[in-house]
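This report refers to the structure that appears directly beneath it.
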Amino acid sequence: MENRNYEQGYRSALTKLEKRRFRTEFCQKSAWKGISLTFFTAASIYFALWACFYVINGEINWIVSVILMMVTLIFITRQMRALENIVHFGSHNNFFSRQSRNDLMTNALAAWPMLQDVRQYRKFHATHHGDYGSHDDPCKERLQRIGAGPIEINNNWQLIYAILLWMPAYVREFYNEVKSSNQQAAIFLIWHSVVIFSMGFVISWSLAAFCVGAWIVAMFGILPFLRSIAEFSEHDYELGNTVRETTFNNLGLLDHLLLHPAGDAWHALHHLHPTVPWWNQGAAHRFLMERDEAYRQAHHRDSLLQDIAFLPSSNDEIGTEDQSGEPKFAV
């Protein structure tokens, strides 16, 4: 099989003046925005756990406690997913132009608590962009290694079952790609130990233990499932032979709320304009949709079910059906 990179398949229709305005308004780095938004995201995890802990330890119905705990776990998993998105954008130096400062902020606020290191992440992610679609593309090859090649899935339950089957291999391959090592594991433990021991001394050890348990369940139990759905919805390599033809903006409400919470919902935008920081993704998307006909021809999906379970196969357009009347899916 021929091993070559996919072409971009996109030539902006913006005028020179519009391109200059686009770069000025949407491609500027901001240490203040990056640091403040990331700090708020990380801090909100512990605030949510603190609030949940004190509510469920009050005199409330056990059913309410269970529901509150489930909602809290979903929320903190969502925020963890946001931190992973921020590591991704941090690998593109969204915080600072100076890479050493950018990497320190990305690591301290987002990567280290998520068992990652932005420098290691950048190595494989740069290959994903530079060798997109070839056998050297780590994201494409990961799908093959875990057994998620071109297959047909006709409903959400079949997709969920397939993802559960892939999950052990997927988790192993993900942490292999982000190059988690013993050193990173040690940094991960130190980061969390500082936070947990500070919480124990200042507030309570019961709260600290509660946070440890909830973090473990969310990060290693729920997050891999959400991450896998999110990543499977970003590309369909069988759909074409260019970046534009095989990459998707996933713009459904639950995509923004749960699966791609920090800019990654506009994944086609990111591949076509990778210098746009995550906090400007939505505004940049609207600008291009109004002025750039070539960008409007990219794939934009507004339905969560369509995003996840009804991705088109290489021979189908979005929303078409097979002879049985069921929408088709291909990873």
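The values are calculated or read from the model by the stated rules, or taken from the named source; none is laboratory data. Please read these numbers as outputs of a predicted model, since none were measured by experiment. FYI the Cβ positions are ideal-geometry reconstructions off the backbone, even for glycines, and counts take in every protein chain you see.
Summed over segment 24-78, residues that are in contact with a Ser or Thr (Cβ under 7 Å, 6 or more places away or on another chain) and under 19 Å from L223 (Cβ atoms) total 3.
Does T72 satisfy the condition of being surrounded by 19 or more Cβ atoms within 10 Å (Cβ to Cβ), part of a helix (DSSP H, G or I) and more than 18 Å from the chain's Cα centre (by Cα)? Before you say what the answer is, go through the steps one by one.
Working: surrounded by 19 or more Cβ atoms within 10 Å (Cβ to Cβ): yes; part of a helix (DSSP H, G or I): yes; more than 18 Å from the chain's Cα centre (by Cα): yes.
Considered against the rule, which asks whether it is surrounded by 19 or more Cβ atoms within 10 Å (Cβ to Cβ), part of a helix (DSSP H, G or I) and more than 18 Å from the chain's Cα centre (by Cα), T72 comes out as yes.
Candidates in segment 13-55 are the residues that are in contact with a Phe, Trp or Tyr (Cβ under 7 Å, 6 or more places away or on another chain), surrounded by 16 or more Cβ atoms within 10 Å (Cβ to Cβ) and among the small types (G, A, S); of these, the one that is nearest to I74 (Cα to Cα) is A48.
Condition check ((1) more than 30 Å from Y132 (Cβ to Cβ); (2) under 21 Å from the mean Cα position of the chain (by Cα); (3) β-branched (V, I, T)) across all residues:
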residue: A13; (1), (2), (3): no, no, no
residue: G34; (1), (2), (3): no, yes, no
residue: S44; (1), (2), (3): yes, yes, no
residue: Q79; (1), (2), (3): no, yes, no
residue: I86; (1), (2), (3): no, yes, yes
residue: N93; (1), (2), (3): no, yes, no
residue: S100; (1), (2), (3): no, no, no
residue: M105; (1), (2), (3): no, yes, no
residue: A111; (1), (2), (3): no, yes, no
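For segment 58-69, the criterion of being assigned to a helix (DSSP H, G or I), modelled with pLDDT of 95 or more and surrounded by 14 or more Cβ atoms within 10 Å (Cβ to Cβ) is satisfied by at least one residue.
Across segment 264-283, the number of residues qualifying as closer than 18 Å to E84 by Cα and in a loop (DSSP other than H, G, I, E, B) comes to 6. Apart from one condition, R98 fits all of (1) over 19 Å from E234 (Cβ atoms); (2) at pLDDT below 85; the exception is (2).
When we screen V171, V178 for residues that are touching a helix residue (DSSP H, G or I) at 6+ places or on another chain (Cβ under 6 Å) and at pLDDT below 80, the only hit is V178.
Whenever a residue of segment 188-206 is touching a residue at least 24 places away in the same chain (Cβ under 8 Å), its partners that are part of a helix (DSSP H, G or I), lying with C-beta atoms within less than 7 angstrom and at least six residues away or across chains, give the pairs F188/W112; W191/W112; W191/P113; H192/P113; M199/L207; M199/A208; M199/C211. Scan segment 236-268 for residues that are without any contact (Cβ under 8 Å) to a residue 24 or more places away in the chain and under 24 Å from V71 (Cα atoms) and the total you get is 2. Evaluating A43 against the criteria (1) in a helix (DSSP H, G or I); (2) touching a helix residue (DSSP H, G or I) at 6+ places or on another chain (Cβ under 7 Å); (3) hydrophobic (A, V, I, L, M, F, W, C) leaves one unmet condition, (2). Identify the residue in segment 100-121 that is within 16 Å of S36 (Cβ to Cβ) and of a type in the set (G, A, S) and, among all such residues, is surrounded by the most Cβ atoms within 10 Å (Cβ to Cβ). Filtering first and then ranking leaves A110.
Which of the residues belonging to segment 76-103 are over 30 Å from W50 (Cβ atoms) and outside any helix (DSSP H, G or I)? Within segment 76-103, S91, H92, N93, F96, S97, R98 qualify.
Would you mind stating whether S97 is touching a residue at least 40 places away in the same chain (Cβ under 8 Å), surrounded by fewer than 18 Cβ atoms within 10 Å (Cβ to Cβ) and not hydrophobic (A, V, I, L, M, F, W, C)? Give the steps one after another, and end with the answer.
Working: touching a residue at least 40 places away in the same chain (Cβ under 8 Å): yes; surrounded by fewer than 18 Cβ atoms within 10 Å (Cβ to Cβ): yes; not hydrophobic (A, V, I, L, M, F, W, C): yes.
It is true that S97 is touching a residue at least 40 places away in the same chain (Cβ under 8 Å), surrounded by fewer than 18 Cβ atoms within 10 Å (Cβ to Cβ) and not hydrophobic (A, V, I, L, M, F, W, C).
For segment 207-235, the tally of residues that are in contact with a Leu (Cβ under 7 Å, 6 or more places away or on another chain) and either charged (D, E, K, R) or free of Cβ contacts under 8 Å to residues at least 40 places away in the same chain (or both) stands at 0.
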